[in-house]
Amino acid sequence: MGDAKNKADEIIAETAEVCKGYIYNSKADTDRAAFDLEARSKTVAELDAKKLQLSAKAQILDMIFARTLDKLKNLDKERYTALIFAMLQNAEDGDQVVISQREKDIVTKEALEKFAKERGINLTLCDELGDFDGGIVIKSKGVDKNFTLEVETQLLKEELETQIAKEIFG
């Protein structure tokens, strides 16, 4: 009976040691998992913050170019006329010019004829108004040159957005 008790005590002691090892390893694994989870959560939060910051910056840049477009649409008549006729410098002999409602009092048939005569070319004013708000479209032999204010502002945005972002946001 003494041998059996000793043997049982020995098995219990070995089992206790094995359990302590499991508990120690389990605690270490749990601590490591908690640390990893906390690190991942922090990384995700930082990425989310950066996304929000980029989104806010993009909205600011969009507002800048929307205001630019609005300012172009609201130029005084003299400056707006100069802008439209500067766009017309891209016309070639035989082109047709499409205007919007905004330009109907600026680019008249007479004004276009005078402009074309000064350049030594023939231009035709389209009978129908274009479905855009400001600027012109020059229809050339199978190719349209789009100088609408929206397109011009979008091209300007693509060209200058990075530079403006650096100036504003550092």
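Since every read-out is calculated from the coordinates, none of them should be taken as a lab result. The structure displayed is predicted, hence computed values, not measured ones. With ideal geometry, Cβ positions are generated from the backbone for all residues, glycine too; neighbour counts draw on all protein chains shown.
Some observations on this one:
- Nearby aspartates and glutamates by direct alpha-carbon distance to K109 (threshold 15 angstrom, same-chain neighbours under 8 apart not counted): D95, E118, D127, E128
- Of K50/K73; K50/K166; K57/K139, pairs whose Cα-Cα distance is over 26 Å: K50/K73; K57/K139
- For semi-axes √(5λ) of the Cα gyration tensor in Å, calculated from these coordinates, the label among (1) 30, 25, 14; (2) 80, 16, 11; (3) 21, 20, 17: (2)
- Listed by chain and number, the aspartates and glutamates whose alpha-carbon sits under 13 Å from that of K157, ignoring those within fewer than 8 places in the same chain, are D62.
- As a rough footprinting exposure proxy, the listed residues S140, S100 were ranked by other beta carbons within 10 Å of their own, and the order from fewest upward is S140, S100.
- About its Cα centre, the chain has a charge dipole of approximately 320 debye under the convention of +1 per Lys or Arg Cβ and -1 per Asp or Glu Cβ, with nothing else charged.
- Helical runs (DSSP H, four residues minimum) scored at -39500 (n - 2.57) apiece and divided by the length of the chain put the mean residue ellipticity at 222 nm at -24500 deg cm²/dmol.
- Base-10 log of normalised Debye intensity for segment 76-159 (one unit scatterer per alpha-carbon) at q = 0.27 Å⁻¹: -1.53
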